[in-house]
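Asks: Mind looking over this structure? Questions follow.
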Amino acid sequence: MSRRILLALTLLLAAPQPASAQGLSGSASSLSSSIFKLMNGTAGTAPAPGQAPATAKPPAPVAKPEALNFKVTPAVRKKVIDTFVGEIASASPEAGAELRKGFASVDVFAEIGKEMKTQFGLSTTNLADVWALYWSYAWLMTQGRTDDPTRAQMVGLRDQFRPLLLSLPAVTGLNDAQKQEMAESLMLQTVLFGILAEGWKDDPASLAEFGQGLQQGTAQMGLDLGLVELTDKGFVVRK
């Protein structure tokens, strides 16, 4: 992740790990379970614990790709930031106050947008692109890695997620505000991954412990990130 983004939020490292760092929450968590069921080719039934995605043909989209795009409004962004800062402040009021100052001085979302466009050729206003961003860095964290995914890996994961998202009425039926709230919440969690990875470069034990917890959380939703490899075609079962 961009060092400007990381430096803007470095004080997060002084706070205990918030719940958002452990995985998704709310509607995004429910959506994750649905997507992972589709990846396993078992839509409608829960996959076995630790089951990795199969190579089944993805479901046919029920909406056009444009259904994953959304328009950004300042009010929704403020809500996302307030929620994120509130989670941090509940554990450390001082860190929460400093974090709010950081958001006031740096346009974090603009920085993420620049990086996604220049490094990966993706957009922050498309759900499939943002899901690829989140899950690629989540996977890296479970592997104890502090590097970035490649452009080809990110695009491959986006192309894997896109038809799955488009096949879910729960996604295509979202309005712009709901899409933005979900996407920008995921972006901030991804930034948090970057902060933790940067802070733990010289502390592999802490990085591994966090990665293990994250892996366990995603496995409960239907995708064990420890059983897959991130490739130019997205997630594939590790051989």
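Asks: Out of the residues in the range 74-110 that are closer than 16 Å to V130 by Cβ and surrounded by fewer than 18 Cβ atoms within 10 Å (Cβ to Cβ), which is modelled with the lowest pLDDT?
Replies: Applying the filter and picking the extreme gives A110.
Asks: Looking only at the range 115-171, how many residues end up being open to solvent by 50 Å² or more (accessible area, probe 1.4 Å) and over 27 Å from T73 (Cβ atoms)?
Replies: Start the filter on the range 115-171 by keeping residues that are open to solvent by 50 Å² or more (accessible area, probe 1.4 Å), which leaves 117-119, 143, 145-148, 150-151, 159, 162, 169-170.
Still in the list and also over 27 Å from T73 (Cβ atoms): 143, 145-148, 150-151, 159.
The number of residues fulfilling the criteria is 8.
Asks: Can you tell me which residue is nearest to M116 (Cα to Cα) among those in the range 201-214 that are open to solvent by 40 Å² or more (accessible area, probe 1.4 Å) and of a type outside the set (A, V, I, L, M)? It would help to see each step written out before you state the result.
Replies: Of the range 201-214, the ones open to solvent by 40 Å² or more (accessible area, probe 1.4 Å) are 201-205, 208-209, 212.
Applying the additional criterion that residues be of a type outside the set (A, V, I, L, M) yields 201-204, 209, 212.
Values: K201: 23, D202: 26, D203: 27, P204: 27, E209: 28, Q212: 27 Å.
Checking each candidate, the answer is K201.
Asks: Out of the range 89-120, which residues are small (G, A, S) and not in a helix (DSSP H, G or I)? Please lay out each step first, then the result.
Replies: Our first condition is that a residue be small (G, A, S); within the range 89-120, this holds for 89-92, 95-97, 102, 104-105, 110, 113.
Selection gives S92 alone.
Asks: Still on this model: Could you grab me the full set of residues in the range 194-208 that are within 16 Å of Y137 (Cα to Cα) and at pLDDT 85 or above? Break it down stepwise before answering.
Replies: In the first step, residues of the range 194-208 are kept if they are within 16 Å of Y137 (Cα to Cα); the result is 194-201, 207-208.
Within the range 194-208, L207, A208 qualify.
Asks: Take the range 215-231 and flag every residue that is closer than 10 Å to W139 by Cβ, open to solvent by 30 Å² or more (accessible area, probe 1.4 Å) and either in a loop (DSSP other than H, G, I, E, B) or not polar (S, T, N, Q) (or both). Working first, answer last.
Replies: Step one: list which residues in the range 215-231 are closer than 10 Å to W139 by Cβ, which gives 215, 218, 223, 225-226, 228-230.
Keeping just the survivors that are open to solvent by 30 Å² or more (accessible area, probe 1.4 Å) gives 215, 229.
If the condition is that a residue be closer than 10 Å to W139 by Cβ, open to solvent by 30 Å² or more (accessible area, probe 1.4 Å) and either in a loop (DSSP other than H, G, I, E, B) or not polar (S, T, N, Q) (or both), then E229 is the only one that fits.
Asks: Now, a different point. Consider Q180 carefully, then state whether it is open to solvent by less than 10 Å² (accessible area, probe 1.4 Å), assigned to a helix (DSSP H, G or I) and on the phi < 0 side of the Ramachandran plot.
Replies: Numbers: open to solvent by less than 10 Å² (accessible area, probe 1.4 Å): yes; assigned to a helix (DSSP H, G or I): yes; on the phi < 0 side of the Ramachandran plot: yes.
Yes, satisfied.
Asks: Here is a check on your reading of the model: is G194 within 16 Å of G144 (Cβ to Cβ) and either open to solvent by 10 Å² or more (accessible area, probe 1.4 Å) or touching a residue at least 60 places away in the same chain (Cβ under 8 Å) (or both)?
Replies: On the way: within 16 Å of G144 (Cβ to Cβ): yes; either open to solvent by 10 Å² or more (accessible area, probe 1.4 Å) or touching a residue at least 60 places away in the same chain (Cβ under 8 Å) (or both): yes.
Yes, satisfied.
The values are calculated or read from the model by the stated rules, or taken from the named source; none is laboratory data. From a predicted model like this one, the values you see are computed outputs, not experimental measurements. Note that we place each Cβ from the backbone using ideal geometry, even for glycine, and neighbour counts take in every protein chain shown. Surface accessibility is based on the protein's heavy atoms, side chains included, excluding ligands, DNA and RNA. Shrake-Rupley method; radii C 1.70, N 1.55, O 1.52, S 1.80 Å.
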